[in-house]
1. 7 Å along Cα→Cβ for the label point: how many nanometres lie between A:Val334 and each equivalent label in the other copies, listed shortest first?
2. Whole number please: convex hull volume per residue of the Cα set in region A:41-127, in Å³?
3. Would you please name the chymotrypsin sites (Phe, Trp or Tyr not before Pro) within region B:1-71 that are DSSP coil residues with at most 15 other C-beta atoms within 10 Å of their C-beta?
4. Using the count of nearby Cβ atoms within 10 Å as a rough guide to exposure, how do A:Ile130, A:Ile250 rank from fewest to most?
5. What list do you get for B:Leu246, A:Leu127 if you sort them by fewest beta carbons within 10 Å?
6. How high is the FRET efficiency from B:Val334 to B:Glu229, r the C-beta distance, R0 45 Å, rounded to 0.05?
7. Which FRET efficiency value, to the nearest 0.05, is calculated for A:Ala169 and B:Tyr439 with the Förster distance at 51 angstrom and r the Cβ-Cβ distance?
8. Which Cα, out of A:Leu246, A:Ala161, A:Gly333, lies furthest along the positive dipole direction of chain A (beta carbon charges, K/R +1, D/E -1)?
Number of protein chains: 2
Amino acid sequence: MSPFDPVSLIIKKRDGGELTPDELTQLIDGYTDGQVPDYQMSSFLMAAFLRGMSDLEGFALAEAMLHSGEVLDLSDIPGTKVDKHSTGGVGDKISLILAPLVAAAGVPVPMISGRGLGHTGGTLDKLESIPGFQTDLDLDTYRRLLSEHGVVMIGQTKEVAPADKRLYALRDVTGTVEFIPFIAASIMSKKLAEGIDRLVLDVKAGRGAFMQDVESGRRLAERLTGIGEHFGCTTIALLTRMDDPLGRAIGNWLEVEESLRCLRGEHVEEVTDLTIALAAEMIVLGGAAATLDDAEVTARTLLSSGAAFEKFKEMVQAQGGDVSVIDHPERRGVADAIVDVFADEDQSGYVRSVDARAIGLAAMRLGAGRMTVEDGVDPLAGIELLKKRGEPVQPGDCLARLHTRNRELAEKFSDTVSEAFELTGEHVEPEPIVLDRLYAGKWSTG
Amino acid sequence: MSPFDPVSLIIKKRDGGELTPDELTQLIDGYTDGQVPDYQMSSFLMAAFLRGMSDLEGFALAEAMLHSGEVLDLSDIPGTKVDKHSTGGVGDKISLILAPLVAAAGVPVPMISGRGLGHTGGTLDKLESIPGFQTDLDLDTYRRLLSEHGVVMIGQTKEVAPADKRLYALRDVTGTVEFIPFIAASIMSKKLAEGIDRLVLDVKAGRGAFMQDVESGRRLAERLTGIGEHFGCTTIALLTRMDDPLGRAIGNWLEVEESLRCLRGEHVEEVTDLTIALAAEMIVLGGAAATLDDAEVTARTLLSSGAAFEKFKEMVQAQGGDVSVIDHPERRGVADAIVDVFADEDQSGYVRSVDARAIGLAAMRLGAGRMTVEDGVDPLAGIELLKKRGEPVQPGDCLARLHTRNRELAEKFSDTVSEAFELTGEHVEPEPIVLDRLYAGKWSTG
């Protein structure tokens, strides 16, 4: 290895060169141990952002970030460990249903999740709206709960991929967030450190997602699965629609309630469909079914039989949560102010779309999310959509219901929420939630 | 002015946008007062490096840097103040001759110079090889000496353009040095803060210069003069050759000696030519001659009459220097080791070129320059060229004379110096030192 000179590596990237794996490792290791200061790393990040990074550079980046901290070994726990990761959207409560469902099929699901930021929610915030539910467990407890219950859902620990944590914070304040090779290395370094064997990705595309268009979604999916395969972790990606919020509930406890309906076997449009699609992939990857069709039947049965619901309750109990609100969601109570938003005189026709970003931002401002990582969240705040894409609207119909701490706050966002509904005079064709599937470098369609 | 958000400005530049003068001012002011940390500025610098900066952005950048510190007002001192700035080369001792010469013509010359770094020398180091010569004078003394003697040569003070000092240090460690808009803003912010009325630039192009090719030299000259004109400071640029060292002496005291010969009226090839060309521009700009031809006659007369030499001595005395070594240079002594480099058996023909960069680096390593800003310099160290471009060489001829602290060090660099001489069997045509002239946005030729 040549002597380490961060400036020469910055200049190499600035001038369009490809860094070797050794060079990228030196840079990330140097950053982790303090030899490379923030101002050099941010200059490198911007150069890479504007000059691009090859697949090989992406692998090296992910590997260096992965090895910046502890890499868990779960091989002593029987079974093929499979996790799901979503790139984030509005109303995305799928993990809450999916993890116990797949575990109920006999596939161990070790899941490390994040918190919400900006317009997107986070699985941890949703779980913590269940009184008592603990997500900041140490790695020994994580391992034990996985072994005993086949499912565990915790937050990121400081031992896992610390370089990612520092790099993410730096990218956030230096205008270098929206770059696929960084996003992919960030996600995959954390996932690969979890000790999983296989991974299913829910890559969202649309105006409520990080990737605003389908093409960017495809490119991110390709990067992510490429890194997974490179490290021997079979990774399948579903490309899914995120123009409208997923389901009807946006907000932490509201989303738990919707998840519970789905877990009880009720068909919740989009939510059940996407959960079944992801579950089938995980069940096949985990070896509990031979085909996707078989796995779908298994998944539907586990929902209708109540087995998935029971596994969810078991997990809530194991992680300190109050199971009485799982059996009786009405005991959790409601927000202090609930305000309905009605269609105006000139609002009639069919809903062409509900702007997921606008709804996500409104829910955040109503208290469901956070603008900065330091903010707290209101577990009961959020938005219920009474009208969804394709449904007919007449003036005076209730479009949405806002849950928040006082009427003033709710009324401040009524217009925003109303304006998020785009109407049309024509019938709106239904669209599948799953747009495409990427496996072994090949898309099923498109 | 909109609320200040550094990240949004970084992203604007990253995505190819043009920042408004207000935005650039906010960024530079924020950096100066600590609101914008190094890691955000370095990200911005890299984005600007790769996306480019418009003329308008360049003006705003220079203005913000200029106003980050004290802007001198010399209007109470009679006369049109004219300075010269060189972008730096090897053997460039022109300022030492030019400043007293132009002052002797009645044009006040306030000159703030820098130190050598890497292969290029610095005017301050050369002046300080005169025992006792003070360059770290405060601004009151600077003003007084200019008023009394019509010439003063000092180093950069901390009051002038502090943002430039910090930005330069940051660029140096983040791979963002070689970018014409930054270079131009850095030079012009310092020069405009000096209190000058008009400026002549010596923009060097060639392998011994910062701008390695003529095209880059032209672009830098255009940026520099553009900024000068924008701020109402008439600025003329001469584009000059810097493939070979300027003159025969490289090294601090060696260059003072060569300058003294020129000041005494001896014709020192290239050195006298370039000095006269620059002096003529300054004399016309300063209003002491109507035409360049008249000004040239004036300059030549001031050299041959000894008036320029007397003005130099006056300045040395005023700034605390020992004038006896000016009258009797031999009293300054010589380096401990003087080692000649001879042409090998296979070296014969005409000198096609002497690699200025190689010679500059060798002189630095012999003690004449510094690798880092903290290093000291040896005033007597350096290289004398016994053969210059176009001169015939026979095996055994002395090519160069190395001056340094011991024979071992000299012998270590003999081969490097010998290899810097490129020979050819054919006669070499002389080339003018001044390649072109830029005035009011127009090049004289090309």
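Every read-out reported here was derived from the displayed coordinates using simple, explicitly stated rules and does not represent laboratory data. Because the structure is a prediction, the values reported are computed rather than measured. FYI the Cβ positions are ideal-geometry reconstructions off the backbone, even for glycines, and counts take in every protein chain you see.
1. Result, one decimal in nm: 10.1.
2. 154 Å³
3. When the chymotrypsin sites (Phe, Trp or Tyr not before Pro) of region B:1-71 are filtered for loop state and at most 15 Cβ neighbours within 10 Å, B:Phe4 remain.
4. So the residues, fewest neighbours to most, are A:Ile130, A:Ile250.
5. Ranked by crowding around the Cβ, least crowded first: A:Leu127, B:Leu246.
6. Rounded to the nearest 0.05, the efficiency is 0.45.
7. 0.50
8. Projecting each Cα onto the dipole axis, the largest value belongs to A:Ala161.
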